[in-house]
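Engineer: Below is a structure I'd like to ask you about.
Readers should treat all values here as calculations from the given coordinates under stated rules, not as data from a laboratory. Just so it is clear, the model here is predicted, and its values are computed rather than measured. A quick note on method: Cβ atoms are made from the backbone with ideal geometry, for glycine too, and the neighbour counts reach across all protein chains shown.
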Amino acid sequence: MKEAAEIVQRVVALTEKQVERLAEAYRQQDEVWQRMQGNLRQYQRVFGQVQNTASHLFMQIDQSLHSYREVVRQGFEEVVQLADDHFKNAAKRRGGSIEELDEALQHLTELLEQARHDGGSHDRHQR
């Protein structure tokens, strides 16, 4: 019986040690879970801030691109208008130059015809 009591005492002592170890393991596991939950809440806050900041940044980029596109469009329209005006003025000048050349050519043709006509009758008188 004494041996049985000693065995029971050893079993109780071993069981107590195992219970203590299990309690310590449970406490450590609980601490780990608490830290994980804290970390997850922190990550959730950080990612929420990142999402809000990124959303705000993308809205600013979108607005800036729309403004830039409008400025480029207006600048392009101004360039097209200036080029159009330049070509209109050049065409008017060319048209005026062509008319002046045409008048000068007609006048020259008239002079040549008159000279040929006068020269032809002058040649006949000299013979």
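Engineer: Going out from 0 in 10 Å bins, what whole percent of all Cα-Cα distances in the chain drops into each bin?
Structural biologist: Spelled out bin by bin, the chain gives 9, 10, 10, 9, 8, 8, 7, 7, 6, 5, 5, 4, 4, 3, 2, 2, 1, 0 percent.
Engineer: Please name which of Gln106, Gln9, Val19 has its Cα lying farthest along the dipole of the chain towards the positive end, using unit charges on Cβ (Lys, Arg +1; Asp, Glu -1) and the Cα centre as origin.
Structural biologist: Value: Gln9.
Engineer: Hey, got the dipole for region 6-62? About the Cα centre, +1 on K and R Cβ, -1 on D and E Cβ, debye to the nearest 20?
Structural biologist: Dipole size: approximately 60 debye.
Engineer: Run the numbers for Gln18 and Leu82: contour at 0.36 nm per residue of separation, minus the present Cα-Cα distance, in nm.
Structural biologist: This chain segment gains 13.8 nm when fully extended.
Engineer: For Glu31 and His66, FRET efficiency with R0 = 35 Å and r from the beta-carbon atoms, rounded to 0.05?
Structural biologist: According to the calculation, E is roughly 0.10.
Engineer: With +1 assigned to the C-beta of every Lys and Arg and -1 to the C-beta of every Asp and Glu, and no other charges, what is the dipole magnitude of the chain about the Cα centre in debye, to the nearest 20?
Structural biologist: 880 debye
Engineer: To the nearest 10 degrees, how steep is helix 2-126 against the longest Cα principal axis of the chain, on a 0 to 90 scale?
Structural biologist: The angle comes out at about 0 degrees.
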